[in-house]
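The values are calculated or read from the model by the stated rules, or taken from the named source; none is laboratory data. Just so we're clear, the structure is a prediction, and the values are computed from it rather than from any experiment. No Cβ is skipped: glycine too gets one built from the backbone with ideal geometry, and neighbour counts run over all protein chains shown.
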């Protein structure tokens, strides 16, 4: 292994001989210079891994030398060393993108720590993360065999996401594969858990908060006394929320973070309509047949969310001044951002932001998006990039200036589908890849959660003999006709509608203005 080469620049370099001997014993190679000009000549002659640079030197100062070094090679980490504690010098050095800042007198261990931090940081973090996950692996495996309540599933899912985010930046692909296998096993067990308990949840007032009870149980208590901005970002998973949480935190302080359960199907027309109506799909069809459309009917399925919300607010006896906005394009987002001050007198402003849903579906259709979001890590990164540059962030900043409480949530998540499952249905069968409803469905029993009588889980029937099936884990439904083409086209795309941790356990976050 090649030695690490340090270039140490100090006009009193002879006084640093003990430090240099200490580093050489640690197997570092130390090259010395006594002026900035010498240093600039040296880095053009030999490869250097890191530079220790004295700030106060005759001739070129440390800051001037730093600027010249960055022009020659901007990637070399530079550690500034100075006698001065003046804030201005520190700020200038930090603004020039130094790697570290040390105040004289420095001791050898300070130097060693700076080297570790700047040159060995990735390796040390990787080794620590690997050791921590290996220790945690057995505990997660034990938890998987014992988890027996919705709250325990939420905790386990969050733990898996925590490790996914920690492991994604290390080089050990073997550990990531092990975690993926744990997630697969978790989804297998979660599918069985939902199968045993879902019907009871719908009929039990003490069950987990679900799409149709979210507004009454969690949103209503937050909006009674405080003007609020409620943002429903379509198709947002828990890990995607974590990807852009830090972008919200400069403006808002998080006061609550919880997870609720999307109803089945985990699809927009069911789950989001349920949020705004406060009703199950079966109840919506019965009470508001003019606003509800089944899968096989023509026309938009979410055209009456504002009307559903209006009726729910009446039932909950909430005489609020409110407005509802649905954003499905960049142009609409910019228009709302430009005019957001007009919302200042509202008790409740509701924004449905469709971008994440459009992104996930466009991944199926657009090769460019397929490349950009080829896995969950890339999908999170793309979501983060979108949010940082979106009108939605501008709106949230304005809401903070207006003193509004902020609630961010979603209607369902999404999952990267990898394994096909054959299904056969008639011409009236719905088209979604993660759930099907229709007559005479033929399928693999082990791959699905089935509802032979949709009314049992509060779903409407297209006709007297229709049923529902929901794909488990990362499966997607494929018809036998043109099977190979169909599978190749949809494998590794993001879909929703079925039963998985990613689709069903979804975030609900409340913030106060900073």
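Within segment 243-263, being crowded, with 18+ Cβ neighbours inside 10 Å and over 28 Å from residue 205 (Cβ atoms) holds for 243, 244, 248, 252. From the list 461, 430, exactly one residue is free of Cβ contacts under 8 Å to residues at least 40 places away in the same chain and assigned to a loop (DSSP other than H, G, I, E, B). Which is it? Exactly one residue qualifies, and that residue is 461.
Every condition in (1) in contact (Cβ under 8 Å) with a residue 24 or more places away in the chain; (2) in contact with a helix residue (DSSP H, G or I) (Cβ under 6 Å, 6 or more places away or on another chain) holds for residue 372 except the one numbered (1). Annotation: of all residues in segment 58-92 being assigned to a loop (DSSP other than H, G, I, E, B) and at pLDDT 85 or above, the one that is farthest from residue 105 (Cα to Cα) is 73.
Considering only residues in segment 320-344 that are assigned to a loop (DSSP other than H, G, I, E, B) and in contact (Cβ under 8 Å) with a residue 24 or more places away in the chain, the one that is nearest to residue 219 (Cα to Cα) turns out to be 320.
Would it be correct to say that residue 226 is more than 20 Å from the chain's Cα centre (by Cα) and in contact (Cβ under 8 Å) with a residue 24 or more places away in the chain? Yes. When the residues of segment 391-410 are filtered to those that are closer than 14 Å to residue 252 by Cα and part of a loop (DSSP other than H, G, I, E, B), the one that is nearest to the chain's Cα centre (by Cα) is 404. Residues of segment 51-77 that are in contact with a helix residue (DSSP H, G or I) (Cβ under 6 Å, 6 or more places away or on another chain), under 16 Å from residue 99 (Cα atoms) and crowded, with 16+ Cβ neighbours inside 10 Å: 53, 54, 55, 63, 65, 77. A single entry from 490, 494, 483 fulfils the requirement of being more than 30 Å from residue 287 (Cβ to Cβ), surrounded by fewer than 16 Cβ atoms within 10 Å (Cβ to Cβ) and modelled with pLDDT under 95: 483.
Filtering segment 274-287 to residues that are closer than 22 Å to residue 434 by Cβ and either in a loop (DSSP other than H, G, I, E, B) or not assigned by TED's automatic domain parsing to the domain that holds residue 263 (or both) leaves only 280. Taken together, the criteria place residue 421 among residues that are without any contact (Cβ under 8 Å) to a residue 60 or more places away in the chain and under 22 Å from residue 194 (Cα atoms). The condition of being modelled with pLDDT of 95 or more, farther than 30 Å from residue 130 by Cα and within 23 Å of the chain's Cα centre (by Cα) holds for only one of 213, 255, that being 255.
Only one entry of 298, 290 meets the criterion of being surrounded by fewer than 22 Cβ atoms within 10 Å (Cβ to Cβ), part of a loop (DSSP other than H, G, I, E, B), over 29 Å from the mean Cα position of the chain (by Cα) and modelled with pLDDT under 95, and that entry is 298. Annotation: of all residues in segment 419-464 being within 30 Å of the chain's Cα centre (by Cα) and at pLDDT below 90, the one that is surrounded by the most Cβ atoms within 10 Å (Cβ to Cβ) is 430.
Conditions tested, residue by residue: (1) surrounded by 14 or more Cβ atoms within 10 Å (Cβ to Cβ); (2) at pLDDT 90 or above; (3) more than 26 Å from the chain's Cα centre (by Cα).
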| residue | (1), (2), (3) |
| --- | --- |
| 324 | yes, yes, no |
| 347 | yes, yes, yes |
| 350 | yes, yes, no |
| 357 | yes, no, no |
| 361 | yes, no, no |
| 380 | yes, yes, no |
| 385 | no, yes, no |
| 389 | no, yes, no |
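Residues that are in contact (Cβ under 8 Å) with a residue 60 or more places away in the chain and either part of a loop (DSSP other than H, G, I, E, B) or not assigned by TED's automatic domain parsing to the domain that holds residue 108 (or both) within segment 10-57 comprise 10, 26, 49, listed in sequence order. The residues on offer are 295, 306, 347, and the sole one that is farther than 19 Å from residue 211 by Cα and either touching a residue at least 12 places away in the same chain (Cβ under 8 Å) or outside the structural domain of residue 221 (by TED's automatic domain parsing) (or both) is 347. If you take the residues in segment 411-427 that are outside any strand (DSSP E or B) and in contact with a helix residue (DSSP H, G or I) (Cβ under 8 Å, 6 or more places away or on another chain), which one is farthest from residue 275 (Cα to Cα)? Top of the filtered list is 414. Filtering segment 261-273 to residues that are free of Cβ contacts under 8 Å to residues at least 40 places away in the same chain and either outside the structural domain of residue 508 (by TED's automatic domain parsing) or under 12 Å from residue 309 (Cβ atoms) (or both) leaves only 273.
One residue stands out in segment 146-180 among those that are at pLDDT below 90 and loosely packed, with under 13 Cβ neighbours inside 10 Å: the one that is nearest to residue 257 (Cα to Cα), namely 169. Only a single criterion out of (1) farther than 24 Å from residue 467 by Cβ; (2) in contact (Cβ under 8 Å) with a residue 12 or more places away in the chain; (3) not in a helix (DSSP H, G or I) is not satisfied by residue 317, namely (2). Here residue 266 clears all of (1) at pLDDT 95 or above; (2) within 19 Å of residue 350 (Cα to Cα); (3) buried (at least 23 other Cβ atoms within 10 Å of the Cβ) except the condition numbered (2).
Against the conditions (1) outside the structural domain of residue 231 (by TED's automatic domain parsing); (2) not in a helix (DSSP H, G or I), where does residue 507 fall short? Just the number, please. Looking at each condition in turn, residue 507 falls short on (1).
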